[in-house]
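First up is the structure itself, then whatever we jot down about it.
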Amino acid sequence: MYHQLYLSPVGNLRIVADDIALRQLWLPNEVEQRQPEAGWIDGKASPIINQVITMLSDYFAGKIVCFTDIPCEPEGSEFQKAVWQQLKNIGYAEIVSYGDIAAAINKPKGAQAVGGAVGANPIAIILPCHRVLGRSGTLTGYSGGLTVKKALLDLEGISYKENRQYSLDY
């Protein structure tokens, strides 16, 4: 497994890949809380990590980037993988609700379960969970913190509503 830190406008991100695919992208709070596993190799020579860095640099420079060319293989349950596959289909500056994803995977009453899977997404930004909002366009949470989610949404020009009640709006 290869890993490399990437200094982004939202903070340090850790990119983790093997020779086949991107496996994880840690947000700044995760970088602060976690350490790379023993045996992981500096990723400067990893073609996948270099591709991710190039695309992230373009993204944070304000260019419209489609991350679908990056091979991603996150580890999770079959349900989680189905949700994460739907995340990959959300285009730049587009938003969907948890209910939209639940309907897309044929679990129309599974919006809350989708919320759990979205929150467990191990490849943030590339599998754009920040583009998932509550059904009324409200911010409902983000594993990397709402400050990071707002910054990503603002970068893409996505409008949202503040959720002042702090209740979940799936």
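Of L133, L139, all but one fail to be free of Cβ contacts under 8 Å to residues at least 60 places away in the same chain and out of contact with any helix residue (DSSP H, G or I) (no Cβ under 8 Å at 6 or more places or on another chain); the exception is L133.
Any residue at all in the range 109-116 that is over 19 Å from A151 (Cα atoms), surrounded by fewer than 19 Cβ atoms within 10 Å (Cβ to Cβ) and touching a residue at least 24 places away in the same chain (Cβ under 8 Å)? Checked the range 109-116: at least one residue is over 19 Å from A151 (Cα atoms), surrounded by fewer than 19 Cβ atoms within 10 Å (Cβ to Cβ) and touching a residue at least 24 places away in the same chain (Cβ under 8 Å).
Listed by first and then second residue, the pairs with beta-carbon distance under 7 Å, at least 6 apart or on different chains, first residue in the range 1-20 and within 22 Å of E75 (Cα to Cα) and touching a residue at least 60 places away in the same chain (Cβ under 8 Å), second open to solvent by less than 20 Å² (accessible area, probe 1.4 Å) and in a strand (DSSP E or B), are L13/L25; L13/W26.
Scanning the range 67-76 for residues that are in a helix (DSSP H, G or I) and open to solvent by less than 30 Å² (accessible area, probe 1.4 Å) returns a single hit, F67. Scanning the range 11-21 turns up one or more residues that are touching a Leu at 6+ places or on another chain (Cβ under 8 Å) and open to solvent by 50 Å² or more (accessible area, probe 1.4 Å). The number of residues in the range 89-122 being in contact with a Cys (Cβ under 7 Å, 6 or more places away or on another chain) and over 19 Å from T138 (Cα atoms) comes to 1. The number of residues in the range 126-153 being assigned to a loop (DSSP other than H, G, I, E, B) and touching a strand residue (DSSP E or B) at 6+ places or on another chain (Cβ under 6 Å) comes to 3.
Hey, among I105, I123, which residue is over 24 Å from E30 (Cα atoms) and open to solvent by less than 50 Å² (accessible area, probe 1.4 Å)? Exactly one residue qualifies, and that residue is I105. Please indicate, with yes or no, whether at least one residue in the range 28-45 is open to solvent by 50 Å² or more (accessible area, probe 1.4 Å), touching a Leu at 6+ places or on another chain (Cβ under 6 Å) and not small (G, A, S). No; the residues of the range 28-45 include none that is open to solvent by 50 Å² or more (accessible area, probe 1.4 Å), touching a Leu at 6+ places or on another chain (Cβ under 6 Å) and not small (G, A, S). Could we say that S97 is open to solvent by less than 60 Å² (accessible area, probe 1.4 Å), over 30 Å from K161 (Cβ atoms) and polar (S, T, N, Q) here? When the stated conditions are applied, S97 does not pass them.
With a cut-off of at least 2 residues that are modelled with pLDDT of 95 or more and more than 21 Å from C129 (Cβ to Cβ), name the strands (runs of 3 or more DSSP E) lying wholly within the range 1-66.
2-8
Scanning the range 83-94 finds no residues that are farther than 25 Å from S8 by Cβ and either touching a residue at least 12 places away in the same chain (Cβ under 8 Å) or buried (at least 19 other Cβ atoms within 10 Å of the Cβ) (or both). Filter the range 141-154 down to the residues that are modelled with pLDDT of 95 or more and surrounded by 17 or more Cβ atoms within 10 Å (Cβ to Cβ), then identify the one that is nearest to P28 (Cα to Cα). Taking the candidates together, the pick is V148.
The values are calculated or read from the model by the stated rules, or taken from the named source; none is laboratory data. Everything quoted here is computed from the prediction, not taken from an experiment. Don't worry about glycine lacking a Cβ; one is built from the backbone with ideal geometry, like all the others, and counts go over all protein chains shown. All accessible areas refer to the heavy atoms of the entire protein, side chains included, with ligands and DNA or RNA removed. Shrake-Rupley method; radii C 1.70, N 1.55, O 1.52, S 1.80 Å.
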